[in-house]
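Enquirer: After the structure tokens below, expect a handful of questions from me.
Throughout, read-outs are computed from the coordinates displayed, never taken from laboratory work. Since the model is a prediction, treat every value here as computed from it, not as a measurement. Don't worry about glycine lacking a Cβ; one is built from the backbone with ideal geometry, like all the others, and counts go over all protein chains shown.
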Amino acid sequence: MINKIDVFSSAYSFKEEDVRDKTVVIIDVLRASSTMVTALQNGAKGVIAVEDMDDASKISHNLDAQSFLMSGEKNGITIDGYDLGNSPLEHTEEVVKGKTIILNTTNGTKAIRRCSLADPIIVGSFLNLKAIVEYLQKLDDEEVLLVCAGWRGRLSLEDILCAGNIIYDLCGGNLPIEARDGAKVAFGLYEKFGDDIENSIKSSNYAIRLKDIVSVDDLEYCCQRSITDILPALNEGIITDINGKAK
Ligand code: MLT
């Protein structure tokens, strides 16, 4: 049973060595985690999270041109020449079924790369929250790290809220005795704002920063809780659904 929990507030708030061999859940509610969950739900073969454009282009050169799509954003905007942006709503079944998605985002995919020493590496969002909690409940491990992607080294309300919601549900509404400070903050934030996640996120820094770029439909979509049982996990460089719930 898990009783040691910590929450890291951004992709740059820890040393890569801190996560070695630990169970890690990476959270980027807006929008990388939500996009990965949705792409897998809609039948994408897998998602390769890349660090930057060079990384994306090297990986794509080793794949059959018909087998993949390039997705990603810089400052919320679709990267020039890419097939898709980072909107989960663009990753429909018609578009992604059977394809490998090479995903390049400002914070979310970098958080995944910075956790490469962790094992296992799971991707969490509000969309698959229940699946994450059920997975963690079954683990023999005593410790879990919830890694929030944040924004360029700063914390993001939506990621910490999601981490708090995971802890709350995992521990039946009580803080585990060995919760670290990060977990206590996330838990407290969830207790304060958990009843109205959508409106809290609509007034977050992210929503204000990208209000002219990211549609409100994306925000509303990403705030839905537990609409899918998809459980994305990184294995040998590719993120796939280990719950077998994809279309
Ligand atoms: C990121 O990785 O920073 C985000 O997912 C940004 C975005 O919403 O496109």
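Enquirer: List the GluC sites (Glu not before Pro) within the stretch 87-142 that fall in a DSSP loop (any state other than H, G, I, E or B) and whose Cβ has at most 15 other Cβ atoms within 10 Å.
Expert: When the GluC sites (Glu not before Pro) of the stretch 87-142 are filtered for loop state and at most 15 Cβ neighbours within 10 Å, 142 remain.
Enquirer: Taking the Cβ of residue 110 as the center, what net charge do the other residues with Cβ under 13 Å away carry, scoring Lys and Arg +1 and Asp and Glu -1?
Expert: Overall, the nearby charge balance is -2.
Enquirer: Among the listed pairs 184/247; 15/58; 15/97; 45/74; 138/211, give every one whose C-alpha distance is greater than 32 Å.
Expert: Going by Cα-Cα distance, 184/247; 15/97; 138/211 fall outside the 32 Å limit.
Enquirer: Which value, in nm² and rounded to one decimal, describes the direction-averaged projected area of the C-alpha convex hull of the stretch 2-233?
Expert: It is 11.6 nm².
Enquirer: Tell me, what HN-Hα J-couplings in whole Hz come from the Karplus equation 6.51 cos²θ - 1.76 cosθ + 1.60 at θ = phi - 60° for each residue of the stretch 117-132, using x for Gly and Pro?
Expert: 7, 6, 6, x, 10, 10, 10, x, 7, 5, 4, 10, 4, 5, 4, 5
Enquirer: Then there's this: Given 0.36 nm per residue, what is the gain on full extension from residue 175 to residue 220 after removing their alpha carbon distance, in nm?
Expert: 13.4 nm
Enquirer: Continuing with the same structure: Which net charge results for the neighbourhood of residue 160, defined as the other residues with beta-carbon distances under 13 angstrom from its beta-carbon, given Lys and Arg at +1 and Asp and Glu at -1?
Expert: Residues near residue 160 contribute -3 overall.
Enquirer: Which trypsin sites (Lys or Arg not before Pro) in the stretch 179-228 sit in a loop by DSSP (not H, G, I, E or B) and have at most 13 other Cβ atoms within 10 Å of their own Cβ?
Expert: Passing sites in the stretch 179-228 are 211.
Enquirer: Can you compute the modelled spin-label distance between residue 238 and residue 137, with each label point 7 Å from Cα toward Cβ, in nm?
Expert: Between residue 238 and residue 137, the label points sit 3.1 nm apart.
Enquirer: So what is the orientation-averaged projected area of the stretch 94-229, using the convex hull of its C-alpha atoms, in nm²?
Expert: 9.5
Enquirer: OK, next. Suppose we keep just the DSSP beta bridges with both residues in the chain; what percent of those would be antiparallel, to 5?
Expert: Looking only at bridges with both residues in the chain, the antiparallel portion is about 25 percent.
Enquirer: Still on this structure, please answer the following. Run through the stretch 1-95 and list the trypsin sites (Lys or Arg not before Pro) located in a DSSP loop whose Cβ has at most 14 other Cβ atoms within 10 Å.
Expert: Qualifying residues, ordered by number: 15, 20.
Enquirer: May I ask you to evaluate 6.51 cos²θ - 1.76 cosθ + 1.60, the Karplus curve with θ = phi - 60°, for each residue of the stretch 81-96 and list the ³J(HN,Hα) values in order in whole Hz, giving x for glycine and proline?
Expert: Taking θ as phi minus 60°, the curve returns x, 7, 6, 9, x, 10, 8, x, 6, 7, 8, 7, 4, 4, 7, 9 Hz for the stretch 81-96.
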